[in-house]
1. Any idea which residue in region 89-99 is nearest to TYR30 (Cα to Cα), counting only those that are among the aliphatic types (A, V, I, L, M) and more than 10 Å from the ligand (Cβ to nearest atom)?
2. Residue check: is ILE18 aliphatic (A, V, I, L, M) and over 21 Å from the mean Cα position of the chain (by Cα)?
3. Taking region 37-46 on its own, how many of its residues are surrounded by 12 or more Cβ atoms within 10 Å (Cβ to Cβ) and either farther than 18 Å from ALA130 by Cα or in contact (Cβ under 8 Å) with a residue 40 or more places away in the chain (or both)?
4. Please verify whether region 57-78 includes one or more residues that are closer than 24 Å to ARG128 by Cβ and touching a residue at least 60 places away in the same chain (Cβ under 8 Å).
5. Among (1) farther than 28 Å from ARG125 by Cα; (2) within 11 Å of the ligand (Cβ to nearest atom), where does SER102 come up short?
6. Considering LEU59, LEU34, which residue is in contact with an Asp or Glu (Cβ under 6 Å, 6 or more places away or on another chain) and either surrounded by 15 or more Cβ atoms within 10 Å (Cβ to Cβ) or within 23 Å of GLY107 (Cα to Cα) (or both)?
7. Can you tell me how many residues in region 79-115 are in a helix (DSSP H, G or I) and either within 10 Å of the chain's Cα centre (by Cα) or crowded, with 16+ Cβ neighbours inside 10 Å (or both)?
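Laboratory data are not the source of any read-out in this text; all were calculated from the coordinates shown. These numbers were taken from a predicted model, which means no experiment stands behind them. When we count neighbours, we look across all protein chains shown, and the Cβ atoms used for this are built from the backbone with ideal geometry, even at glycine.
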Amino acid sequence: MTIPFLSFCYPWTKAFHIISLIAWMAGMLYLPRLYVYHCEIRPGSLESERFKVMERRLLRQIINPAMIATWIFGLLLVLTPGILNWSAGWWHVKLAAVLLLSGFHGGLARWRRDFLEDRNTRPQRFYRIANEVPTVLMIVIVIMVVVRPF
Ligand code: HEM
């Protein structure tokens, strides 16, 4: 199913897709780094409370709206006539990577709640490794959508 009108705004839809995914990725790369630093701080300290505010604002004011916008503009691109070949391999890999990225977003939100309630038990190493996940997924997604290797 496609919507013919969307052909007229295709370059705009793509521009806003890219703008919103940049904001989403910026937050997804930065929030786990905040968790790495937050791990080192004593719960209940003033500094810990400051991290909680930064984490809440980053998630609520940037990452969540940017993810919603990326999905909306991405789905509008999907509905644009002649843009997507549903059987193309690159599209399936991109979709899988985007779903994993959205799941990772959910994980970040859950871990933020643990920090908020001073009950994080995961070691710093966990967040260091988690920090690499969005980077790897982003590389896969961009190669799929630009190079389209299969
Ligand atoms: C959230 C769900 C997403 C959907 C449904 C979606 C879907 C699409 C579609 C259909 C296109 C059009 C391809 C074309 O113009 O031929 C596109 C373009 C693009 N997408 Fe996504 N996308 C999503 C998320 C993402 C994410 C998370 C990234 C990067 C991390 C990304 C990176 C790009 C880029 C760079 C382009 C432009 C490629 C070009 O120059 O043609 N997308 N997307």
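1. Across region 89-99, the extreme among qualifying residues is ALA96.
2. Here the answer is no, as ILE18 does not meet what is asked.
3. 4
4. No, that holds for no residue.
5. Going through (1) farther than 28 Å from ARG125 by Cα; (2) within 11 Å of the ligand (Cβ to nearest atom) one by one, SER102 breaks only (1).
6. Residue meeting the stated conditions: LEU34.
7. Matching residues across region 79-115 total 18.
The rows are residues; the columns are (1) of a type in the set (A, V, I, L, M, F, W, C); (2) near the ligand (Cβ under 9 Å from one of its atoms).
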site	(1), (2)
PRO4	no, no
CYS39	yes, no
ARG42	no, no
GLY74	no, yes
